[in-house]
Amino acid sequence: MSRNMNFSWKALILAPLPIPLILAALLSFSSPGRNPFAGFLFFFTLGSVLSYGTTIFFFLPCLFIVSWFTQLTASLTGLLGTVLGLLVYVPVIWTSYKSSGDDSGPPQITFREYLRQHAFGLDFWVLLVAGLGTALLYWFLANRRPGKVNQTTA
């Protein structure tokens with residue numbers, strides 16, 4: 001078996017940026033506050049930590065492992081990013097569940113009931129789309145070669 005994953009520092013630096021940038025802009029400028037720029041910086045920093053952490057510690061190692069077993073394609077890379085976005089959602093929904101009780105205390109319902117009520121909320125879709133978008137952007141940046149067409153994407 002041989003490794004066929006293309007690594008690129010440019011892709012690693014640029015791919016995790018757009019999603020936190022877009023979400024920070026939406027969250028900070030659509031909500032009231034005295035200083036939207038400070039809100040933007042806060043949300044962008046928080047989102048960047050999550051995005052870069054997931055990319056470096058989950059996505060790249062998983063992509064490397066998958067590349068040992070099969071030829072990487074854009075669709076497979078996008079699927080991997082989507083699945084990892086779903087896996088990132090698990091601690092988010094668990095934290096939300098654990099603080100769902102009265103005065104952020106213990107929950108009043110079981111996790112299964114909570115999941116049934118809240119499973120497909122906005123945060124679920126944001127993390128799925130973020131995983132997909134970051135993975136595909138990484139794929140296209142890492143496989144882009146100036147002046148020649150890449151055979152795996154053509």
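Does G81 satisfy the condition of being touching a Leu at 6+ places or on another chain (Cβ under 6 Å) and in a helix (DSSP H, G or I)?
Yes, satisfied.
Any residue at all in the range 83-90 that is of a type in the set (G, A, S) and in contact (Cβ under 8 Å) with a residue 24 or more places away in the chain?
yes
Select, from A25, A15, A11, the only residue that is modelled with pLDDT of 90 or more, more than 14 Å from the chain's Cα centre (by Cα), under 18 Å from F57 (Cβ atoms) and not acidic (D, E).
On inspection, the qualifying residue turns out to be A11.
Filter the range 3-50 for residues that are in contact (Cβ under 8 Å) with a residue 60 or more places away in the chain and more than 18 Å from V92 (Cβ to Cβ) and give the result.
R3, N4, M5, N6, F7, S8, K10, A11, L12, L14, A15, P18, listed by residue number.
Across the range 85-110, which residue is surrounded by the fewest Cβ atoms within 10 Å (Cβ to Cβ) among those that are aliphatic (A, V, I, L, M) and assigned to a helix (DSSP H, G or I)?
V90
Give the residue, chosen from L137, L127, that is hydrophobic (A, V, I, L, M, F, W, C) and modelled with pLDDT of 95 or more.
Of the residues listed, the single one that is hydrophobic (A, V, I, L, M, F, W, C) and modelled with pLDDT of 95 or more is L137.
Can you run down the residue pairs with Cβ atoms below 6 Å, 6 or more apart or on separate chains, where the first is in the range 116-144 and part of a loop (DSSP other than H, G, I, E, B) and of a type outside the set (S, T, Y) and the partner is modelled with pLDDT under 95 and surrounded by 14 or more Cβ atoms within 10 Å (Cβ to Cβ)?
Pairs that qualify, where the first residue is part of a loop (DSSP other than H, G, I, E, B) and of a type outside the set (S, T, Y) and the partner is modelled with pLDDT under 95 and surrounded by 14 or more Cβ atoms within 10 Å (Cβ to Cβ), are N143/N6.
Being buried (at least 17 other Cβ atoms within 10 Å of the Cβ), closer than 16 Å to L141 by Cα and polar (S, T, N, Q) is the filter; apply it to the range 44-84 and report the residue that is nearest to the chain's Cα centre (by Cα).
T55
The values are calculated or read from the model by the stated rules, or taken from the named source; none is laboratory data. Remember, it's a predicted structure, so these values are computed and weren't measured experimentally. As a convention, Cβ positions derive from the backbone with ideal geometry for all residues, glycine included, and neighbour counts pool all protein chains shown.
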